[in-house]
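The values are calculated or read from the model by the stated rules, or taken from the named source; none is laboratory data. Predicted, not measured: the structure shown is a model, and the values here were computed from it. Quick reminder, even Gly has a Cβ in these numbers, built from the backbone with ideal geometry, and neighbours come from all protein chains shown. Ligands, DNA and RNA are excluded from the accessible area calculation, which covers all protein heavy atoms including side chains. Shrake-Rupley method; radii C 1.70, N 1.55, O 1.52, S 1.80 Å.
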Amino acid sequence: MPIQALCYVPSNSFVTMTYQHFMDIAIEEARQGDAPYGAVLVKDGTIIAQGFNTVKRSHDVTAHAEVNVIRAAIAQSPTRSLAGSTLYTTGEPCAMCTGAAIWARISRIVYGASVDQLAEVGQNQIGLSSEAIVGTSFWDVAVEGGLRASEILRLFEK
């Protein structure tokens, strides 16, 4: 069941959650992962899936946070399209995850730390940005990066 992305404000009004709030959730998901990667998929102000990296515990090299979230959302969807949704993720999606977002027709990706920043802290990365991958694809995904990158990079210090 989807979680409504509205919060109660004491003034008896409701406000739509912000990018910051969705990234808060992605960061909390990252803290549960085999590596500190977390993701949240939102459509029409509603969280439709959230998850974290499970590569080690599942023995599945494709079990990145973004792929896990896309799989969960597609499993609930009557179609294979997630058009109109936004993927919030702690790290810039790798080539595989960006490809999965394209195939699922996700409309926007908002990430924290970039592929280059993640490589600088010792994370194995394929040196392609999400924007470069999207730029060669059949589906136009808006990509925004750098949201709380320094905070997210600290998760890799542990």
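Mean-square fluctuations from a GNM of the chain, with a 10 angstrom spring cutoff on Cα atoms, peak among Thr46, Thr90, Thr98 at Thr46. Based on Cα contacts under 8 Å between residues 6+ apart, the range 29-103 shows a relative contact order of 31 percent.
Grab the Cα-Cα distance for Phe138 and Ala75, subtract it from 0.36 nm times how many residues apart they are, and report the gain in nm with one decimal. Before the final figure, lay out the partial values.
Details: separation 63, 0.36 × 63 = 22.68 nm, distance 2.30 nm.
Value of the extension gain: 20.4 nm.
Using only the heavy atoms of the protein chains and a 1.4 Å probe, how would Lys43, Lys56 rank by accessible area, largest first?
Values: Lys43 70, Lys56 140 Å².
So, going from the largest accessible area down, we get Lys56, Lys43.
Using the 1.4 Å probe convention, the accessible area of the range 53-158 works out to 50 Å² per residue with neighbouring protein chains retained.
Helix content alone sets the calculated 222 nm mean residue ellipticity of the chain: runs of n ≥ 4 DSSP H residues at -39500 (n - 2.57) each, divided across all residues, give -9000 deg cm²/dmol. Atom-type composition of the exposed protein surface of the chain places 55 percent of the accessible area on carbon and sulfur (1.4 angstrom probe). Less than 10 Å Cβ to Cβ from Ala142, Lys/Arg counted +1 and Asp/Glu -1: what total charge do the surrounding residues give? Cβ neighbours under 10 Å give a net charge of -2.
Please give the net charge around Ala113, taking every other residue with its beta carbon less than 11 angstrom from that of Ala113, where Lys and Arg add +1 and Asp and Glu add -1.
Working: positive: Arg148, Arg154; negative: Glu92, Asp116, Glu120, Glu151.
Charge balance near Ala113 sits at -2.
Give the shape of the range 72-158 as rounded, prolate or oblate, defined through the alpha-carbon gyration tensor: a ≥ b ≥ c are the square roots of its eigenvalues, a/c under 1.5 means rounded, and otherwise the shape is prolate if a/b is larger than b/c and oblate if not. Note, shape of the range 72-158 comes out prolate.
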